[in-house]
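Worksheet: one structure, shown below.
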Amino acid sequence: MGHISHNNFREPLILGEKSYHDVTVDICAPIERKPNMLWASLLSLAAIIAVWGIGNILYLLGTGIGSWGLNNTVDWAWDITNFVWWVGIGHAGTLISAVLLLFRQRWRMAINRSAEAMTIFAVVMAATFPAIHAGRYWLLYFVFPLPNQFGSLWQNFNSPLLWDVFAISTYFSVSLVFWYIGLIPDFATIRDRIKSPTAKRVYSLLAFGWSGRAKHWHRFEMVSLILAGLATPLVFSVHSIVSMDFATSVIPGWHTTIFPPYFVAGAVFSGFAMVLTLMLIMRKVYKLEAYITRGHVEMMNIIIIVTGSLVGVAYLTELFVAWYSGVEYESYAFLNRATGPYWWAYWSMMTCNVISPQLFWIKKLRTNLIFTFIISIFVNIGMWFERFVIIVTSLHRGHLPSTWSYFYPTFVDIGVYIGTIGIFFVLFLLYAKYFPVLPIAEVKTILKATAEKFKVSDNQPKK
Amino acid sequence: MKKETIIYAFYNDDDVLLKDAQAFVSQGLWVSDVFSPFPIHGLDPIIGVKESKLGYAAFAYGLIGLTLALLGMWYFMIHDWPMNIGGKPNFEFVYNLPAFVPVAFEFTVLCTAHGLAFTYFCANGTFPGVKADNPDPRTTDDLFAMEIKLEDNPNFSLDQIKSMLSKSNASEIREKQNCETDTCCNK
């Protein structure tokens, strides 16, 4: 039994000799064993940073936005930089699970669960920033069109800032639903295996009574496909709308029509970089080398080259159009970016985002895991600088030279940003301990067709 | 009280189950359901799982979302309190429509996805707190179970079904009496 249909044209997606039971055991192992020291110390470190961040947020809410380094000229800085950075990171998960599902890319299955988890946590971090930068945060409910006592005053539906509210909340909740529906069968697997009665009760609750009937699987696949179809335009719309927060304004440097596609490419670029950063560590710690292979890393690196090159072309196009438009304010904004007081930010961005991913054209480098890890960190940094460059350098030189200014972050700026990284890692580490980090059921569907060798389990009742 | 006799045939491999299911159905034996750790492709037409209508439901939810979004924006921006923002007045719905596209799209997706998810849970009867009814805990790991109900197959006796199954490639056969209350089994 258990035929092997080895495909000669493609690298196997699952290495070694695995049976269905092995897949279950491998993925459930981290959940079933006691937390180890490495995990506990990483969680403690992340928690300390998170607590410091929450402290800074509370200080900010108590003191006011004045505790940030903003001034009359640069009135948006790290807050929105961090917001766009986190939203961008949150783009890989849904792209992997939705767009790659529609394209029937089976290699997505090794990474989609964790990428989606990362998406959800990143969007939560992103949503923190518009919420805390509102100043009068107790009036925050007014972003939603609720019947109100302010006469007949309603939200401005012509404003991209309001579109953003709808885009981010839709993206977050739809991603969450998509992720959870995929998790249910895997929670059922854990429920049926786990020994501890408390854990069993919790996983039973989380599994929604899933029993794996053929009719349920049929609906499951149908729902996954429809949600993928919905999530695909959603991914593209969300970062397009985020870019319109800038593009619909009349600030030189922001007022460009290239923003929506350029932001989407940048978001996918940074999202994949973060997925690589996290997955390379997780693969090592959880010994998932058989499932997340060098081939997977190479595939992701190819996406990094494509999106990185798109971002590079966008940077150059911006420069060209600024010159070609003949508008002196526009030309100055871009010349000032590269040679003005923020030249260091611009060239950090250029080096990290445009030059570093081009090294992946060399096969030896894009299949080298340590090199990939280093580049992924570079891209994460570069993409933060991209948003900083767009926001701060465009603002710090206005039309009136007497208002020209420079932005210095305060400890609250830094604390809130570092703190969100801490909170993100707390959430991700908890996920990595208690949730199945690979989609168990989905991996089994591709086991026979894509594994190096398929093994019949010895865990079976024999006739 | 209605009594049900269920026979479960367990398999170690999805392809073997698929072949046997095909054989049983061609002999007129009705397979009521299959429990598996992952979707078995090609099984649905054999055991008569009908194409799900969830797609139509999703479309309906999408239309509801789109209508609500457009109606809402018309009411807030055009009807109830038209404002002149940046020299661009809100007096006509059609002229404002391009600015309404993003929110209309997002709200359509929001309603479709959540409506669909809710309908999916209702159709499956899966909610937090519901008890799972898979015949063996390993059917969510690497075991595949075929469920045959005696009441669904009036042309076969219990022994006939059992002998058919024992001649097949099933690795294990189990029989279960199901009743609506616990007391009726004891009688």
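Could you tell me which of rounded, prolate or oblate describes the stretch A:291-395, using a ≥ b ≥ c as the square roots of the eigenvalues of the alpha-carbon gyration tensor, with rounded for a/c under 1.5 and, failing that, prolate when a/b is larger than b/c and oblate otherwise? Provide the component values of the computation, followed by the final result.
Values: a/c = 3.34, a/b = 2.30, b/c = 1.46.
Prolate, since a/c reaches 1.5 and a/b exceeds b/c.
Based solely on its DSSP helices, what 222 nm [θ] is calculated for chain A when runs of n ≥ 4 H residues each add -39,500 (n - 2.57) and the sum is averaged over all residues, nearest 500 deg cm²/dmol?
-21000 deg cm²/dmol
Grab the Cα-Cα distance for A:Val313 and A:Leu38, subtract it from 0.36 nm times how many residues apart they are, and report the gain in nm with one decimal.
94.8 nm
Using modelled amide H (1.01 Å from N, peptide plane; none on Pro or chain starts), what sits under 5 Å from the amide H of A:Gly16, excluding residues fewer than 5 places away?
When sequence neighbours closer than 5 places are left aside, the close amide H contacts are A:Glu452, A:Lys453.
In whole Hz and in residue order, list the ³J(HN,Hα) couplings for the stretch A:194-203 that follow from phi through the Karplus curve 6.51 cos²θ - 1.76 cosθ + 1.60, θ = phi - 60°; x for Gly and Pro.
Those phi angles translate into 5, 8, 4, x, 5, 4, 4, 5, 5, 5 Hz.
Would you be so kind as to identify which of A:Gly53, B:Leu43, B:Met164 lies farthest towards the positive end of the dipole of the protein assembly as shown, taking Lys and Arg as +1 and Asp and Glu as -1 on Cβ and the Cα centre as origin?
Value: B:Met164.
On C-alpha positions alone, give me the angle between the axis of helix A:369-388 and the longest principal axis of chain A, in degrees, nearest 10.
Roughly 30 degrees, rounded to the nearest 10.
If you average the alpha carbon positions of the stretch A:253-298 and of the stretch A:320-348, how far apart do those two centres end up, in angstrom?
Going from one Cα centre to the other spans 28 Å.
Before rounding to the nearest 500, sum -39500 (n - 2.57) across all DSSP H runs of length at least 4 in chain B and divide by the residue total; then give [θ] at 222 nm in deg cm²/dmol.
-14500 deg cm²/dmol
To make sure I understand, if each residue's beta carbon is the centre and we count other beta carbons within 10 Å, what order do B:Leu97, B:Leu29 fall in, fewest to most?
B:Leu97, B:Leu29
What size of dipole, in debye to the nearest 20, comes out for the stretch A:11-123 about its Cα centre when the only charges are +1 on Lys and Arg C-beta atoms and -1 on Asp and Glu C-beta atoms?
200
Roughly how many debye, to the nearest 20, is the charge dipole of the protein assembly as shown about its Cα centre, given +1 on each Lys and Arg Cβ, -1 on each Asp and Glu Cβ, and no other charges? Working shown, then result.
Working: 48 positive and 46 negative charges, 273 e Å.
Dipole of the protein assembly as shown, to the nearest 20 debye: 1320 debye.
Could you tally the net charge around A:Ile96, taking each other residue with its Cβ under 14 Å from the Cβ of A:Ile96, Lys/Arg +1 and Asp/Glu -1?
Working: positive: A:Arg104, A:Arg106, A:Arg108, A:Arg113; negative: A:Glu116, A:Glu442.
Neighbour charge sum, excluding A:Ile96 itself: +2.
For the modelled label position 7 Å from the Cα of A:Ser325 along Cα-to-Cβ, which residues of the stretch A:391-411 have backbone nitrogen atoms closer than 19 Å?
Backbone N within reach: A:391-401.
Which ³J(HN,Hα) values in Hz, rounded to whole numbers, follow from the phi angles of the stretch B:8-25 under the Karplus curve 6.51 cos²θ - 1.76 cosθ + 1.60, where θ = phi - 60° and Gly and Pro get x?
10, 10, 9, 10, 8, 9, 5, 5, 5, 4, 4, 5, 5, 4, 4, 5, 4, 5
Can you work out the FRET efficiency for the pair A:Thr367 and B:Ala123, with r the C-beta to C-beta distance and R0 = 41 Å, to the nearest 0.05?
Calculated transfer efficiency: 0.35.
Taking amide H positions as placed in the peptide plane 1.01 Å from N, state which residues far from A:Gly209 in sequence (5 or more) or on other chains have amide H under 5 Å from it.
Distant-sequence amide H within range of A:Gly209: B:Gly129, B:Val130.
Residue by residue through the stretch A:11-19, which ³J(HN,Hα) values in whole Hz follow from phi under the Karplus form 6.51 cos²θ - 1.76 cosθ + 1.60 (θ = phi - 60°), with glycine and proline marked x?
Karplus-based 3J(HN,Hα) across the stretch A:11-19 equals 5, x, 8, 10, 8, x, 9, 10, 9 Hz.
How large is the dipole of chain B about the Cα centre if only Lys and Arg carry +1 and Asp and Glu carry -1, each at its Cβ, rounded to the nearest 20 debye?
The calculated dipole for chain B is roughly 340 debye.
Name all residues of the stretch B:118-142 having a backbone nitrogen under 15 Å from the label point set 7 Å from the Cα of B:Lys50 along its Cα→Cβ direction, giving them as ranges.
So the set is B:123-124.
Could you compute the longest span of chain A free of chymotrypsin sites (Phe, Trp or Tyr not before Pro) located in DSSP loops and having at most 14 other Cβ atoms within 10 Å, not counting the site residues?
Formally, the longest exposed-site-free interval is A:151-403.
Collect residues whose amide H, placed 1.01 Å from N in the peptide plane, falls under 5 Å from the amide H of A:Gly69; neighbours closer than 5 in sequence don't count.
It is A:Thr410, A:Asp413, by chain and number.
What does the C-alpha gyration tensor say about the overall shape of the stretch A:350-416? Classify as rounded when a/c is under 1.5, otherwise prolate if a/b is larger than b/c, or oblate.
It is oblate, given that a/c is not under 1.5 and a/b is not larger than b/c.
The numbers here are math on the coordinates, done by the rules we state, and not lab data. Worth saying up front: this structure is predicted, and the values here are computed from it rather than measured. As a convention, Cβ positions derive from the backbone with ideal geometry for all residues, glycine included, and neighbour counts pool all protein chains shown.
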